[in-house]
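K.L.:
Input: one structure, supplied below.
Nothing in this text is a laboratory measurement; each read-out follows from the coordinates by a stated rule. Note that this is a predicted model, so its numbers are computed, not measured. Neighbour counts run over all protein chains shown; Cβ positions are idealised from the backbone, glycine included.
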Amino acid sequence: MLFMKTILFIISFSIIASCNYYSQADTNQLPPEKSSIKVIKLVDSLGSITFSIPSRYDTTFIWTHYSDCGKPCDEIKYRLQPKSLKIFQESGFYWRGEPKDSVERFTIVHSGYFPFYNNTDSNSIFQQHFAKKQNTISDPDTYKIKSDTVEKIGDRYFSIIVIDLYDTLKNQYSKKLLASTTIKGNIVDFKYELLTKRNDSLNKNFITNSKYYLRTIRISNGM
């Protein structure tokens, strides 16, 4: 019995040690730009998410991303973006791939078909982090990871993956901060995305600023 406990401890430690792990996010810094506090109420009893976001993200919409494989694959998405940009809602029924022009957006994603577990398993996010890395690398839109970590934000752990790509043929930058945590045993994703041809301050600071906004996320009644 002692031998088995030792093995389990070594496995758990190995998972944690394989990540760049931070015990607690620093949330004392000032907002990098003019920002607003938003509250998104998730469906059913998943709780509410409070967060800070650039004030120019003045358009919010929610929809179900239906999938060809049925309800278990459906996703509910909550998106914020500037109203000056085209609204794009993914759908499995007429999927045409990602937008090819300018994109700046923040999206919360979770399954539309989920069980509930009234507990928090901090170890599960380390396992999910490994799976998220594999899926990111295999995706042609996010094939190269710049950095990854697991960080404690508020009262829970987040898997965080950074994508920073430049397409020389299209002269286009693609930047993404992809984060995930668990609510009642269900994975919830947070995606900060930028697609632009401009090498301006927004582009240069997008990842750093997105990390700031990610660290403002707080989840209530969603343990």
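K.L.:
Just the projected area, averaged over all directions, of the convex hull on the alpha carbon atoms of region 39-221: how many nm²?
P.N.:
Details: hull surface 41.3 nm².
So the mean shadow area of the Cα hull is 10.3 nm².
K.L.:
For region 162-174, in order, what is each residue's ³J(HN,Hα) by Karplus, 6.51 cos²θ - 1.76 cosθ + 1.60 with θ = phi - 60°, in whole Hz (x at glycine and Pro)?
P.N.:
The phi angles translate into 10, 10, 9, 10, 9, 8, 5, 6, 8, 6, 9, 9, 10 Hz.
K.L.:
Sticking with this one: Once the dipole of region 39-221 is set up with Lys and Arg at +1 and Asp and Glu at -1 on Cβ about the Cα centre, which of THR208, PHE130, PHE190 lies farthest towards its positive end?
P.N.:
Farthest along the dipole direction, towards plus: THR208.
K.L.:
Can you list the residues of region 137-170 with backbone N under 13 Å from a point 7 Å past the Cα of ARG218, pointing along Cα to Cβ?
P.N.:
In region 137-170, the label zone of ARG218 (backbone N under 13 Å from the point 7 Å along Cα→Cβ) covers 154-156.
K.L.:
Follow-up question, since we're still on this one. Using 1/(1 + (r/R0)^6) with R0 = 35 angstrom and r between the beta carbons of SER48 and ALA131, what's the FRET efficiency to the nearest 0.05? Please list the in-between numbers first.
P.N.:
On the way: r = 27 Å, r/R0 = 0.76.
It comes out at approximately 0.85.
K.L.:
Amide H of GLY47 versus every other amide H placed in the peptide plane: which residues, excluding those fewer than 5 positions away on the same chain, fall under 5 Å?
P.N.:
LEU42
K.L.:
Given R₀ = 35 Å, FRET efficiency for SER102-SER124 by Cβ-Cβ distance, to 0.05?
P.N.:
Values: r = 36 Å, r/R0 = 1.03.
Efficiency, from the Cβ-Cβ distance: 0.45.
K.L.:
If amide H atoms are built 1.01 Å from N in the plane of the peptide, which residues on other chains or at least 5 residues away come under 5 Å of the amide H of ASP74?
P.N.:
Amide H neighbours of ASP74: SER67, GLY112.
K.L.:
OK, next. Can you give me the long-range amide H partners of SER36? Hydrogens built in the peptide plane at 1.01 Å from N, cutoff under 5 Å, separation of 5 or more residues or another chain.
P.N.:
So SER36 has HN proximity to ILE53, SER55.
K.L.:
Between LEU169 and LYS86, what is 0.36 nm times their sequence separation minus the Cα-Cα distance? Round to one decimal in nm. Let's see the in-between values first.
P.N.:
Numbers: separation 83, 0.36 × 83 = 29.88 nm, distance 2.33 nm.
Taking LEU169 through LYS86 to full extension adds about 27.6 nm, to one decimal.
K.L.:
Here's something else I'd like to know. Each residue of region 29-34 in turn: what ³J(HN,Hα) in whole Hz from Karplus with 6.51, -1.76, 1.60 and θ = phi - 60°, glycine and Pro shown as x?
P.N.:
Karplus-based 3J(HN,Hα) across region 29-34 equals 6, 7, x, x, 7, 4 Hz.
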